[in-house]
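Enquirer: Once you've had a glance at the structure underneath, I'll fire off some questions.
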Amino acid sequence: MSRIFVTGMGVISALGNSVSENREALKAGKCGITPMELIDSRFAGKLPCGEIKLSTPELARSLNAAQPGLTRTALLALHAFNQAVASAGLSPETLSYPSTVFINGTTVGGMCLTDELYHDAEAKENGSEYLAAYDYASIALYLQQKFSLSGLVNTVNTACSSSANAIMLGARLLQSGRAKRAIVGGVDCLAKFTINGFNALHILSSDICQPFDEARKGLNLGEGAAFLVLEKEEDSIDKEKLAELTGFFNTNDAYHPSSLSENGEGPFLAMQEALASANLRPADIDFINAHGTATENNDAVESKAMLRLFDSPPKFASTKSNIGHTLGAAGAIEAVFSILNLQHQELYPSLNCENGIESTGLMPVVEYTQQPLRHIMSNSFGFGGNCSSLIFSKV
Amino acid sequence: MLFIHQYACISAQDSFPEVNLDAVIAPVDGKLFAREPAYDGIPKGTLRRMSKPVRMAIGAASVLLKTSGRLDGIIGATANAGMDDCFRFLQQIIQYEEGLLTPGNFVQSTPNAMPAQVSMMTQNHGYNMTHVHLGLAFENALIDASMLVDEHPGSKYLLGTVDDISAYNYNINRLGGWYKALNSHGDFYNAGTTGSIPGEGAAMFIVSSEKSGSIAGITAAETLHTEDAALVVDRLQTFLSLHLPNEVPDLLLSGENGDQQLLPFYEGCEQLLPPGTGVLRYKHLTGEFPTANALGLWFGCYILQHQRFPAHMVKVEPGVEKLRHILIYNNFKGLQHSFILLSGS
């Protein structure tokens, strides 16, 4: 099987608009979770969210994206896509080859436009400019048309593991010979829809989230986008390689639509089989970028699964303490953060964990440290029992 | 190569559990609603909690799961499943001004509900994926399945699609000009107007790498995004020369949907094929929806297995007695195209 390398990446999150801005903020232990300002909602001014403080018109202007009907989700995706493609040095011509594939993971899609969608779905006449924008596929279709992509284009939605699965699919398309380069990742933005959904489930914290703390009270939502460019070894000989994607696995917890099984069978299997796919032993993993949503259920179950798999769990952290839970984008953004860990041989502090979960005795990394790092695992778990783990390795 | 061992679909026709395609069931109020069975295999309490798309998907999958044996995973495709719950949750948000809402609709609005439910029902910890790329959600799922059976020889998967007509997607597509009002299948292809008839349905396949015992095999599947009919024909020509180099398809199963705007794409593909190639159509039976082409594949399997098709599907009578290779061409909204090459086992 061919080795798969990451040859480019781009990200936008509450920590910054570029890979370097995100890294500087992670190093400084900065928290991008602040009271939400930009959505017309009763939660505005109050609910802590990982919000990108650029209004949708500001984003559109900065991207020279003037066409009507563009959603915030599409704009965030365009921003990260542009960066990823530039960082991999892909020309417009290369983008348009049938051998260039694109896979987007998203859970909100165009549903960020809650009020417009409601109006159009109720309307008898006079549809808005957003009629074609509500679909999950609308973002990938926008980028397909903008960049004249003629290879395979896909959108996946496995809830909060969507973009981790987009990365896996891209790697498999390369290995099957169906593509020479894959642009993979995901995007989601803050929306009335998800804010109210998670609030109704009573898993939103009214304070800044505390992943892996005994006193954690729930998650904060965030927004952002990240894309990686993946290429096979033989197609990237002369290119700078940021990391190698050495392992991945997707499984289902097969337990409950919106919570993980007590024993963490899904997370356990995802991590175990990702290791097997990379031909690695548990002891080879130097660090885990945990799913770590800061909900009661997730952090307890993920810890238990780590304790089951590892004799002594490696160092771990949740970057959701910096940017909130970006849902469909989380797997891709956390992949970028994991690659930064490897590139710079450094670990960033997990924020707001004062006392680890008593029953597990586990504490995340709480200080910035430099240390040799060879293999890093990144976990993403979603509603519907979807569990995926990726392993990135130093080049 | 991906082999199809079992197939089932719930559609607007008599396709489940018994198949009778001779009598065409016409649209009602310009919509081709699915003929849902009684779902005897699903406990009543469970059935009540399921949304319509999940019910149709699980209903169609259940009959296959009885005999499929252990599966290595579940691959789903949908564009609209969950949208009805999504809209109900939006209604709650607006009606109660973001107050105390019940989360049921929110949880059920996730489009990965079908693969998730099947994995829970069957305690399946295998591969679990949901493709949602609108008019190519199904084809992307099919390509995913093809890669999986190549990666894991001997493996077996449930590949399934579902979409429903909800108030949400009906109104949005109607405002977008994608529907016309027709209550008779007789006018379907000849009205000379734009738009099609909305439809819904679920199609389920048990697929594996094993040829033995299969009904048909998929040699190749390819997708393309373009608004240029000439490019579609170009890519089809390359596709056929690569994957069926020394033969020609006996039959084109066409996704023609009565929309005048899209006719040039379908005619372009028909004209590429040599005289004697039959052309069959199925959208007057299913209506149009993003994963309708999965029902196209269901028809392809049925035709290859039984070597028969009803007269109302025929646009051009095939020149050969024994049908071996079927080319399925579909496009969604003139942008998302797919070619699937299906051969009898």
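What follows is calculated from the coordinates using simple rules that are stated; it is not laboratory data. Computed from a prediction, not measured in an experiment: that's the story for all the values here. All Cβ positions, glycine included, derive from the backbone under ideal geometry; neighbour counts span all protein chains shown.
Enquirer: Please work out the C-alpha center-to-center distance from the stretch A:32-97 to the stretch A:126-189 and express it in whole Å.
Expert: 16 Å
Enquirer: Let me ask you something else. Rank these for me by crowding, B:TRP298, B:TRP178, going from fewest to most other beta carbons within 10 Å. Show your work: numbers first, answer last.
Expert: Numbers: B:TRP298 26, B:TRP178 22.
Result, fewest neighbours first: B:TRP178, B:TRP298.
Enquirer: Would you look at the GNM of chain B, springs on alpha carbons closer than 10 Å, and say which of B:THR110, B:THR291, B:THR130 moves the most?
Expert: Of B:THR110, B:THR291, B:THR130, the Gaussian network model singles out B:THR110 as fluctuating most.
Enquirer: Among B:PHE33, A:PHE316, A:PHE381, what is the fewest-to-most ranking by other Cβ atoms within 10 Å? If you can, show how the numbers build up before the last one.
Expert: Details: B:PHE33 19, A:PHE316 25, A:PHE381 31.
By the 10 Å Cβ count, ascending, the order reads B:PHE33, A:PHE316, A:PHE381.
Enquirer: Just to check I understand the Karplus step: with θ = phi - 60° and J = 6.51 cos²θ - 1.76 cosθ + 1.60, what whole-Hz values come out for the stretch A:231-238, glycine and proline as x?
Expert: With the stated coefficients, the stretch A:231-238 comes to 9, 6, 3, 5, 9, 10, 4, 8 Hz.
Enquirer: Taking a cut-off of 14 Å between Cα atoms, list the aspartates and glutamates near A:LYS192, but don't count ones fewer than 8 places away on the same chain.
Expert: A:GLU37, A:ASP40, A:GLU51, A:ASP115, A:GLU116, A:GLU223, B:GLU97, B:GLU98
Enquirer: Could you list which residues have their amide H under 5 Å from that of A:ARG374, counting only those 5 or more apart in sequence or on another chain, with H placed in the peptide plane?
Expert: A:ASP286
Enquirer: Tell me which of B:PHE332, B:LEU252, B:GLN307 sits at the most positive position along the dipole axis of the stretch B:216-344, charges placed on C-beta atoms (Lys, Arg +1; Asp, Glu -1).
Expert: B:GLN307
Enquirer: Take the cross-link list A:LYS146/B:LYS52; A:LYS30/A:LYS315; A:LYS146/A:LYS394 and give me the ones stretching past 28 Å between alpha-carbons.
Expert: Values: A:LYS146/B:LYS52 36 Å; A:LYS30/A:LYS315 20 Å; A:LYS146/A:LYS394 33 Å.
Flagged as over cut-off: A:LYS146/B:LYS52; A:LYS146/A:LYS394.
Enquirer: Let me ask you something else. Whole Å is fine, so just give me how far the alpha carbon centre of the stretch A:292-317 lies from that of the stretch B:257-317.
Expert: 52 Å
Enquirer: Between A:ASN126 and B:GLU97, how high is the FRET efficiency from 1/(1 + (r/R0)^6) when r is the Cβ-Cβ distance and R₀ = 30 Å? Nearest 0.05.
Expert: Numbers: r = 25 Å, r/R0 = 0.82.
Computed FRET efficiency for A:ASN126 and B:GLU97: 0.75.
Enquirer: With labels modelled as points extended 7 Å from the Cα through the Cβ direction, what inter-label distance (nm, one decimal) is found for B:THR219 paired with B:ALA311?
Expert: With each label point 7 Å from Cα toward Cβ, the separation is 3.2 nm.
Enquirer: Another question, if that's okay. Under 5 Å between amide H atoms, partner at least 5 residues away or on a different chain: which partners does A:THR326 have, H built in plane at 1.01 Å?
Expert: Those lying under 5 Å, H to H, from A:THR326 are A:GLY222.
Enquirer: Still on this structure, please answer the following. With a sphere of radius 12 Å drawn around the Cβ of B:ASN183, what net charge do the other residues whose Cβ falls strictly inside it have (Lys, Arg +1; Asp, Glu -1)? Before the final figure, lay out each step's value.
Expert: Values: positive: B:LYS31, B:LYS180; negative: B:ASP29, B:ASP187.
Residues close to B:ASN183 contribute a combined charge of 0.
Enquirer: Expressed as a whole number of Å, what is the distance separating the alpha-carbon centroids of the stretch A:231-275 and the stretch B:117-153?
Expert: Computed from Cα coordinates, the inter-centre distance equals 16 Å.
Enquirer: Using unit Cβ charges (K, R positive; D, E negative) and no other charged atoms, how large, in debye to the nearest 20, is the dipole of chain B about its Cα centre? Let's see the in-between values first.
Expert: Details: 22 positive and 33 negative charges, 163 e Å.
Once rounded to the nearest 20, the dipole reads 780 debye.
Enquirer: Let me ask something else about it. For a quick check, take a GNM of chain B with Cα springs below 10 Å and name the residue from B:ASN246, B:ASN257, B:ASN128 with the largest mean-square fluctuation.
Expert: Comparing B:ASN246, B:ASN257, B:ASN128 in the GNM, the peak value goes to B:ASN246.
Enquirer: Hey, what do the phi angles of the stretch A:348-365 turn into as Karplus ³J(HN,Hα) couplings, whole Hz, using 6.51/-1.76/1.60 and θ = phi - 60°, x for Gly and Pro?
Expert: Whole-Hz 3J(HN,Hα) from phi for the stretch A:348-365: 9, x, 7, 9, 6, 9, 9, 10, x, 5, 4, 5, 9, x, 9, 10, x, 5.
Enquirer: Charges on Cβ only, +1 for Lys and Arg, -1 for Asp and Glu, centred on the Cα centroid of the protein assembly as shown; of B:VAL233, A:SER321, B:SER68, which one is farthest towards the dipole's positive end?
Expert: Farthest along the dipole direction, towards plus: B:SER68.
Enquirer: Which whole-number percent is the relative contact order of chain B (Cα, under 8 Å, 6+ apart)? Each step should come with its number before you reach the end.
Expert: Working: 747 pairs, mean separation 82.9, N = 345.
Across chain B, relative contact order equals 24 percent.
Enquirer: What does the C-alpha gyration tensor say about the overall shape of the stretch A:4-235? Classify as rounded when a/c is under 1.5, otherwise prolate if a/b is larger than b/c, or oblate. Could you put the intermediate results ahead of the total?
Expert: Numbers: a/c = 1.80, a/b = 1.28, b/c = 1.41.
Oblate.
Enquirer: Specify which residue in the list A:LEU26, B:ILE215, B:LEU342 is farthest towards the positive end of the charge dipole of the protein assembly as shown, using unit charges on the beta carbon of Lys, Arg (+1) and Asp, Glu (-1), about the Cα centre.
Expert: Highest projection toward the positive end goes to B:ILE215.
Enquirer: Next question, about the same structure. For the stretch A:246-393, with only Lys/Arg (+1) and Asp/Glu (-1) charged at the beta-carbon, what is the dipole magnitude about the Cα centre, in debye rounded to 20?
Expert: On the way: 6 positive and 15 negative charges, 61 e Å.
With only Lys, Arg, Asp and Glu charged at Cβ, the dipole is about 300 debye.
Enquirer: Same structure, new question: Compute the Cα gyration tensor for chain A, then decide on rounded, prolate or oblate, letting a ≥ b ≥ c be the square roots of its eigenvalues: rounded whenever a/c is under 1.5, prolate when a/b is larger than b/c in the other cases, and oblate in all that remain.
Expert: Numbers: a/c = 1.58, a/b = 1.11, b/c = 1.43.
Note, shape of chain A comes out oblate.
Enquirer: Could you give the nm distance between label points at A:SER55 and B:LYS66, where each point is 7 Å from its Cα heading toward the beta carbon?
Expert: Those two pseudo-labels are separated by 6.1 nm.
Enquirer: How high is the FRET efficiency from A:ALA66 to B:ALA230, r the C-beta distance, R0 30 Å, rounded to 0.05? Numbers along the way, then the final one.
Expert: Numbers: r = 29 Å, r/R0 = 0.97.
Efficiency, rounded to the nearest 0.05: 0.55.
Enquirer: Quick one: B:SER208, B:SER155, fewest Cβ neighbours within 10 Å first, how do they rank? List each step's numbers first, then the result.
Expert: Working: B:SER208 24, B:SER155 19.
Exposure proxy ranking, most exposed first: B:SER155, B:SER208.
Enquirer: Within a Cβ distance under 11 Å of A:THR194, other residues only, what is the Lys/Arg minus Asp/Glu net charge? Show your work: numbers first, answer last.
Expert: Details: positive: A:LYS192; negative: A:ASP188, A:GLU223.
Once positives and negatives cancel, what remains is -1.
Enquirer: Using +1 on the beta carbon of Lys and Arg, -1 on that of Asp and Glu, and nothing else charged, what's the dipole of chain A about the Cα centre, debye to 20? Could the numbers behind the result be given before it?
Expert: Working: 28 positive and 41 negative charges, 128 e Å.
Dipole magnitude for chain A comes out near 620 debye.
Enquirer: What does the C-alpha gyration tensor say about the overall shape of the stretch A:246-393? Classify as rounded when a/c is under 1.5, otherwise prolate if a/b is larger than b/c, or oblate. Before the final figure, lay out each step's value.
Expert: Details: a/c = 1.38, a/b = 1.17, b/c = 1.18.
It is rounded, given that a/c, with a ≥ b ≥ c, falls under 1.5.
Enquirer: I've got another one for you. Just add up the charged neighbours of A:GLY384: K/R +1, D/E -1, any other residue whose Cβ is under 14 Å from the Cβ of A:GLY384. Kindly include the intermediate steps, with their values, before the conclusion.
Expert: Values: positive: none; negative: A:ASP253, B:ASP85.
Local charge sum for A:GLY384: -2.
Enquirer: Give me, ordered by chain and number, the residues 5 or more places off B:GLY126 or on other chains with an amide H under 5 Å from its own placed amide H.
Expert: So B:GLY126 has HN proximity to A:ASN252.
Enquirer: With θ taken as phi - 60° and the coefficients 6.51, -1.76 and 1.60, list the Karplus ³J(HN,Hα) couplings across the stretch B:78-95 in order, rounded to whole Hz; mark glycine and proline as x.
Expert: So the Karplus estimates, Gly and Pro as x, are 6, 10, 10, 4, x, 5, 5, 5, 4, 5, 4, 5, 4, 4, 4, 4, 6, 5 Hz.
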